[in-house]
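Before any comments, here is the structure.
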Amino acid sequence: MNKFTNISRRARIGLRGILFASSALLMTSCGGAQQYQYLSDNVSGVIVQLPQDWTILEGDKILAVTAQRLPEIDNAVISRWIYGFSADSGARGESLLSATSGKPGGIVRSRYLLASEAYTPEALAVRNLLSQINDMALISGGNLTEKSRSSFGVITQSGVNGVGHTVELETAEGPLTVRYIVTVDPRVNQVNSFLIGCSSACFQQYSAQIDQVSRSFTVVDPATLSR
């Protein structure tokens, strides 16, 4: 896994085009420029831009939660490249996506297509992907009940298409809102996913920042990323 990479000038220029506005990379705050950090993967071409002060969680901390909650799943299948992130400096994998969280957090993941998915288009339906790659296992509280959902299409810089959902859930810990994005790229045999959320009140409070981070999620030609 490579966490922080130097993104080439070509990739940076392309990234600007899919954000809210060209000023998204340098947002002015209190007379200064907001600094950012990047998570990027040289295999899939996935890039996510995060505020510099957000906490990054290594993949093993994320997979430990999945393994605990879903011990029957082969974690090796879903562990090629994965990171957690949070606006909370004390974030832990167990509470990364919780209805009790007052700050947004989430994960970004890229993994290989399974043979069954490559030959069965129905297997790549978002509802099925939610089950197969177990991103939702990171949501604490259990007994998830969907209260509302809004969907949108996703087109990335490289032309890889996907779908996103903003879902309000009722959990044992209270209301939780998450945004979930999945893209599939058969050309490099990758499924890419992005999940961000927090309590529904938090999601509304931090909506602008959540939108900014969500829209920074993209897929570029891996060749544009420096190695």
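Each of ILE139, ILE196, ILE82 was scored by other Cβ atoms within 10 Å of its Cβ. Listed from fewest to most, they are ILE139, ILE82, ILE196. You can think of it this way: the chain between ASP60 and ALA223 has 56.0 nm of extra reach, that is 0.36 nm per residue less the Cα-Cα gap. Can you give me the Cα centroid spacing of the range 182-222 and the range 88-114 in angstrom? About 12 Å separates the Cα centre of the range 182-222 from the one of the range 88-114.
Every read-out reported here was derived from the displayed coordinates using simple, explicitly stated rules and does not represent laboratory data. These numbers come from a predicted model, not from an experiment. Because the Cβ atoms are built from the backbone with ideal geometry, glycine has one as well, and the counts that use them run over all protein chains shown.
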